[in-house]
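A quick write-up on the structure given underneath.
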């Protein structure tokens with residue numbers, strides 16, 4: 001189990017949204033079940049905060065991409081020169 005924690009922490013920069021969300025859901029489940037000691041709960045909480053921030057950052061980046069793509073599409077739709085071609 002210690003190896004898993006160190007592997008997770010060393011791969012923080014490589015964690016994608018889906019993996020981070022899945023790990024976060026697992027942490028929440030373990031914390032809610034009461035199976036963790038106080039120290040383990042605090043470590044899980046800290047990890048959960050890290051994962052939450054990663055997920056939020058990923059969502060913000062995705063939202064920015066969607067806005068950029070949508071803006072480009074709106075410009076194309078409103079450009080009369082494009083309609084004439």
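The values are calculated or read from the model by the stated rules, or taken from the named source; none is laboratory data. Computed from a predicted model, the values in this text were never measured in an experiment. Here Cβ is always computed from backbone atoms with ideal geometry, including for glycine, and neighbour counts include all displayed protein chains.
The table below gives the values:
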quantity	calculated
Boolean, residue 36 is in contact (Cβ under 8 Å) with a residue 24 or more places away in the chain and in contact with a helix residue (DSSP H, G or I) (Cβ under 7 Å, 6 or more places away or on another chain)	no
Among (1) in contact with a helix residue (DSSP H, G or I) (Cβ under 9 Å, 6 or more places away or on another chain); (2) at pLDDT 90 or above; (3) part of a helix (DSSP H, G or I), the one test that residue 9 misses	(2)
Some residue of segment 58-71 being touching a helix residue (DSSP H, G or I) at 6+ places or on another chain (Cβ under 7 Å) and either under 16 Å from residue 15 (Cβ atoms) or touching a residue at least 24 places away in the same chain (Cβ under 8 Å) (or both)	yes
